[in-house]
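Everything on this sheet refers to the single structure shown next.
Coordinate-derived values only; no laboratory data. Remember, it's a predicted structure, so these values are computed and weren't measured experimentally. Cβ atoms come from the backbone with ideal geometry, glycine included; neighbour counts cover every protein chain shown.
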There are 2 protein chains.
Amino acid sequence: MDIVVLKFGGTSVAGLERMRRVLAIVKREVAAGHKVAVVLSAMSGETNRLLTQAQEFSPEPDPAELDVLVTTGEQISVALFAMLCKDAGLAARSLLGYQIPIDTSCEFGRARILNIDADKFRNHFADHDVLAVAGFQGCDCNGRLTTLGRGGSDTSAVALAAAIRARVCDIYTDVPGVFTTDPNICPEARKLAHISYDEMLEMASQGAKVLQIRSVEFAKKYNVKVHVRSTFSDEPGTIVSQEDQSMEAVLVSGVALDRNQCRVTVYDVLDQPGIASSIFGPLAKEGVLVDMIIQNTSRDGHTDMTFTIPKIDLKKTLTILEEVQKRIGAKEIQHDVGVCKVSVIGVGMRNHSGVASRAFESLANENVNILMISTSEIKITCLIEDKYAELAVRTLHEAFQLDKEPNERVCEL
Amino acid sequence: MDIVVLKFGGTSVAGLERMRRVLAIVKREVAAGHKVAVVLSAMSGETNRLLTQAQEFSPEPDPAELDVLVTTGEQISVALFAMLCKDAGLAARSLLGYQIPIDTSCEFGRARILNIDADKFRNHFADHDVLAVAGFQGCDCNGRLTTLGRGGSDTSAVALAAAIRARVCDIYTDVPGVFTTDPNICPEARKLAHISYDEMLEMASQGAKVLQIRSVEFAKKYNVKVHVRSTFSDEPGTIVSQEDQSMEAVLVSGVALDRNQCRVTVYDVLDQPGIASSIFGPLAKEGVLVDMIIQNTSRDGHTDMTFTIPKIDLKKTLTILEEVQKRIGAKEIQHDVGVCKVSVIGVGMRNHSGVASRAFESLANENVNILMISTSEIKITCLIEDKYAELAVRTLHEAFQLDKEPNERVCEL
């Protein structure tokens, strides 16, 4: 039994006409002799509508009840799609998260998938060709409904593909694939034929919205080949998979931009052991994700601590730091929301030096001042002033010849 | 543990302000030391919205998937209400049909409740004061979602009350109780303090919309006292319960009107054994509920067959009868949609004669021609021309002095 897993996002299921397009794709797979598990999101706008409704009823809605509310979005999608399938003569039915079941942890609103009953799921194919699976949802060990966090339908699809050992997980979306960078910023951006899990993880964590980051982690962990492609075109998209020989030959795969970060500096703290944890401990405890961190060289036994956090956590962070400031006797706390992060990403840089210096040099040539730098094995990130965001992306894209096919690039370094 | 079961209909939960009113009632019960099971319908309009959406996707939606779709209505109600309860400091949670579980038959769209796990349900009260139960829904033996048919939340509430042996089941609605007749037609209509199950069944089957008929059957079967009352007033409503002494003293309890019937006549059929079944058999097979039936006295070995059916089944009925006509050689088939049924209902008429003749006489006095008559132990029904509907209701209401309290009525017969 050859099972394929397809996932369609909110824009792909928004309304009858678009669902008919989904139906055509599913019919094509059935005609090719496949059994089809089709994971659907809520129609675009529906989840936001439900969240707004919740907000009206409760300023801080109970997380468990919020999940009961928002899971109706996917429930509606799968019911309507299963109707379409039946009318088209397909042996189809809907499956909600708890019906499979998709067992999750009980962290409502951001539950993790613990187990999927793959045998029970496969058994449904005995008398069905198409199973319309509600994405984004599962249930905890008490049978309460849970959700997997924003974009969680990607994770549902990949986890299902992993559980049943599907050949591939097709993520259909409203873009043609993963690009070297955001085409809205850089018209020369090129669709990637392949990208490795690690690169995709970096792209996703740096603001590329094509795949939910946890779905990529899942795909990597269980080695699920993911095909990101457009619902509205038959063109192949981007394959996300393990690194292979051809990938290693590519120095840089993409340039990512993240405009959701801001910078905070704690000035003039006593440079002594434990000072970092006295600042970052309280932040971690309240769930603030600190990204880049720089500790200045000590002057007179004092130092400055600069770091970035998500903009939406700024207010919370400043409240926490007020307390911290009193305790550690820091002189001043400043913040700056007019910053952004640009990153150059590529598994190839593992084996090459010189990528960082070319990145810095190209930015310098355009007079873009670099405020902070962080690097990993496969990524170089620069914090810069936000006004230079688009310029920096285009500059880096050009510097690494990302508009060209990898084999057409002139000797890279 | 003193558990009360409250049920609130669609108009009672339509929007934040109205749900706050529901919350106030629930808080009052909790303050009185009760554990509260509160069964909610979908917000008014929501179920119709979902049905319209289904219709857009499929002219005849798959019944199983339709249930997956429409159960979201109640799911949204209970999630939002549970949020309100939590914010008000109540230990509350939502419970969907399959979570209780409410086991039903697998007739999607009109499932019957088979079992409710009362112990499991009661156990939820160990750490909750309020359980917000989604009405109208259950699940079949395969774990698929089912619904109980229009108005099914009444049945959910009564069945739950029966299962946990609650003292009373309060059905909160947008009217103050059960009336002697429709107050929109007869301003003298009076709210009944009590009504027996049997009378309520007749009232409901004759078009009174206050309670779903199956909920009354359930209440009767398990002897659950039902209190029908208004969400928007603290006045007591109508108690539906077993007959008692005081009820027997009342001759007539109410007058009901049903405008959804039409009349069909099959002319000049051979009067021989089996002729009735050759007409009504095919109709029953297609699910057409035939109500009143008259077979004329035979002339020359031929007879006419007149009966009433729901207006919505007229087209289907005529198609079926065309076939029947050919087979049995009937001369002609006519139909009339300009008719209605008025009924006089009361358990007291079991022990009294003369009710029928007074009903006929009072209609005759107003020149209302009676087209068909049917009677039962506790009901007299007349089919009349629809144009006389309101006049007939008012006439019968007055003839039996229903505007007066029972003990103020002048010697009735």
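Odds and ends about this structure:
- Each residue in B:Met203, B:Met1, B:Met43, A:Met349 was given a count of other beta-carbon atoms within 10 angstrom of its own, and listing them fewest first yields B:Met1, B:Met43, A:Met349, B:Met203.
- Fluctuation leader among B:Leu257, B:Leu90, B:Leu402 - chain B, Gaussian network, Cα springs under 10 angstrom: B:Leu90
- Residue pairs, from the table B:Lys7/B:Lys221; B:Lys315/B:Lys341; A:Lys316/B:Lys86; A:Lys27/A:Lys191; B:Lys285/B:Lys326, whose Cα atoms sit over 22 Å apart: A:Lys316/B:Lys86; A:Lys27/A:Lys191
- Degrees between helix A:213-222 axis and first principal axis of chain A (Cα, 0 to 90, nearest 10): 70
- Between 0 and 90°, nearest 10: helix B:46-57 axis offset from chain B longest Cα axis: 70
- Candidates B:Ser298, B:Ser362, B:Ser12: whichever shows maximal mean-square fluctuation once chain B is modelled as a Gaussian network with Cα springs under 10 Å: B:Ser298
- Per-pair calculated FRET efficiency, R0 = 45 Å: B:Asp174 and A:Lys221 via Cβ, rounded to 0.05: 0.25
- Applying the Karplus relation 6.51 cos²θ - 1.76 cosθ + 1.60 with θ = phi - 60° to the stretch A:234-240 yields 3J(HN,Hα) values of 8, 4, x, x, 10, 8, 9 Hz, where x marks Gly and Pro.
- Å³ per residue enclosed by the Cα convex hull of chain A: 162
- Using a Förster distance of 60 Å, the FRET efficiency for B:Asp244-A:Glu17 (Cβ separation, nearest 0.05): 0.50
- Length-normalised contact order of chain B in % [C-alpha pairs under 8 Å, at least 6 apart]: 13
- Assigned charges on the beta-carbon of Lys, Arg, Asp, Glu; the protein assembly as shown dipole about Cα centre (debye): 560
- Copies compared at B:His302 - label distances in nm, ascending, label defined 7 Å from Cα in the Cβ direction: 11.6
- Spin-label zone in the stretch B:7-30 - amide nitrogen under 20 Å from a point set 7 Å from the Cα of B:Thr52 along the C-beta vector: B:10-16
- Computed over the stretch A:128-194, Kirkwood Rh from alpha-carbon pairs, angstrom: 14.6
- GNM result for chain A, Cα springs below 10 Å: residue of A:Thr319, A:Thr238, A:Thr11 fluctuating most strongly: A:Thr319
- Average partner coverage of B:69-80, which counts Cβ from other chains inside 10 Å: 6
- Prolate/oblate/rounded call for the stretch A:35-115, Cα gyration tensor, a/c under 1.5 rounded: oblate
- Label-to-label distance, nm, for residues given as A:Asn407 and A:Lys285 (7 Å Cα→Cβ offset): 5.8
- Sorted from closest to farthest, the other copies place their B:Gly281 label points 8.8 nm away, with each point set 7 Å from Cα along Cα→Cβ.
- Rounded to two decimals, the Cα-based Rg/Rh of the stretch A:253-369, with Kirkwood Rh, is 1.03.
- Computed from backbone phi with θ = phi - 60° and the Karplus coefficients 6.51, -1.76 and 1.60, the 3J(HN,Hα) list for the stretch A:156-167 is 3, 5, 5, 5, 5, 4, 5, 4, 9, 6, 6, 5 Hz; x is used for glycine and proline.
- For A:Ile102, the residues whose amide H sits under 5 Å from its own are A:Cys139, ignoring neighbours fewer than 5 places away on the same chain, with H placed 1.01 Å from N.
- Stokes-Einstein D (µm²/s) once Rh is taken as the Kirkwood radius of the protein assembly as shown over alpha-carbon pairs, at 10 °C in 1.306 mPa s: 51
- Virtual spin-label span in nm between B:Lys326 and B:Asp234, 7 Å along Cα→Cβ: 6.9
- Cα lying deepest toward the dipole's positive end in the protein assembly as shown, options A:Val36, A:Pro187, A:Val393, charges on Cβ: A:Val36
- Two-site FRET efficiency, B:Asn184 against B:Ala126, from Cβ-Cβ distance with R₀ of 60 Å, rounded to 0.05: 0.85
- Against the empirical 2.2 N^0.38 Å (N residues), the stretch A:3-174 has a Cα radius of gyration ratio of 0.98.
- Separation of the stretch B:120-164 from the stretch A:1-79 is 26 Å, based on Cα centroids.
- Fully extending the segment from A:Val337 to A:Asp87 would add 84.7 nm, taking 0.36 nm per residue of separation and subtracting the current Cα-Cα distance.
- Shortest-first distances to equivalent copies, position A:Lys316, nm, label 7 Å out along Cβ: 5.5
- Per-residue Karplus couplings for the stretch A:350-363, computed as 6.51 cos²θ - 1.76 cosθ + 1.60 with θ equal to phi - 60°, are listed in order as 4, 9, 10, 9, x, 5, 4, 5, 5, 4, 4, 5, 5, 5 Hz, Gly and Pro entered as x.
- Once the Cα atoms are used to define both axes, helix B:314-328 deviates from the longest principal axis of chain B by about 40 degrees.
- Chain B Cβ-axis minimum, rotational copy A, residue and distance in Å: B:Thr72, 2
- In this Cβ point-charge picture (+1 for Lys and Arg, -1 for Asp and Glu), chain B has a dipole of about 760 debye about its Cα centre.
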